[in-house]
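Asker: The structure's right below; bear with me while I get my questions together.
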Amino acid sequence: MGVITYSQEFTSAVAPSRMFKALVLESHNVIPKIVPGGIKSVEFIEGDGGVGSIKQTNFGESAHIKYTKHKIDALDAENFYCKYTLIESDIKFEKINFVVYEVKFIASDNGGCVCKMTSEYNSIDGTELKEDDIKQGKDKAMGLYKTVEEYLLANPDVCA
């Protein structure tokens, strides 16, 4: 099994506590409201959101994927850090066994934050992953982060 790691970061004008709350702690409530056509619901199928919980994301009718399941591996709300693993999906990945994600929000001098994300793709033996193989997923994740940021900026009482 090969492991390919990609890191990316973006800056946000939103405080790290609000971004973390919206994207991690309250994602099951916030994200379906923000992108109802793309994500129908996010629900816990095991646990209550803490370490060991399994969260299922159900996508809208137009999506090429119906659902994903993620297991929360580590959660540090005080330091705005989360690590979770994609453990199941309705589509069969041809080259990937599983993906481990790490997300950390770090306060910046302007009151906003820097979001650092690392994705670790664990490929099936004998397969080679290329940037193009995972670009679509990375682009969708960045789009979601930016959409959440815009929503929080427009709604200062949400996740305050």
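Every number in this text was worked out from the coordinates using simple rules, so none of it is lab data. Bear in mind the structure is a predicted one, so any value in this text is a computation, not a measurement. FYI the Cβ positions are ideal-geometry reconstructions off the backbone, even for glycines, and counts take in every protein chain you see.
Asker: To the nearest 0.05, what FRET efficiency results for GLU78 and ASN29 with a Förster distance of 25 Å applied to their C-beta separation? Mind dumping the intermediate values first?
Answerer: Values: r = 21 Å, r/R0 = 0.84.
About 0.75, to the nearest 0.05.
Asker: Here's a follow-up. Along the positive direction of the dipole of region 3-154 (beta-carbon charges: Lys, Arg +1; Asp, Glu -1; about the Cα centre), which of PHE80, ALA141, GLY60 reaches farthest?
Answerer: Of the listed residues, the answer is GLY60.
Asker: Any idea how far apart ILE124 and HIS64 come out in nm if each label point goes 7 Å out from Cα toward Cβ?
Answerer: 1.7
Asker: Oh, and also: How much of the calculated P(r) for region 3-154 lies past 23 Å, in percent of all Cα pairs?
Answerer: On the way: 4137 of 11476 pairs.
Distances greater than 23 Å cover 36 percent of the Cα pairs.
Asker: Magnitude of the Cβ-charge dipole of the chain, K/R +1 and D/E -1, about the Cα centre, nearest 20 debye?
Answerer: Values: 18 positive and 24 negative charges, 48 e Å.
Once rounded to the nearest 20, the dipole reads 240 debye.
Asker: When Lys and Arg each count +1 and Asp and Glu each count -1, what net charge do the other residues less than 14 Å away from THR85, Cβ to Cβ, add up to? Intermediate results must be reported in sequence, preceding the final value.
Answerer: On the way: positive: LYS55, LYS69, LYS71, LYS83; negative: GLU46, ASP73, GLU88, GLU102, GLU120.
It works out to a net charge of -1.
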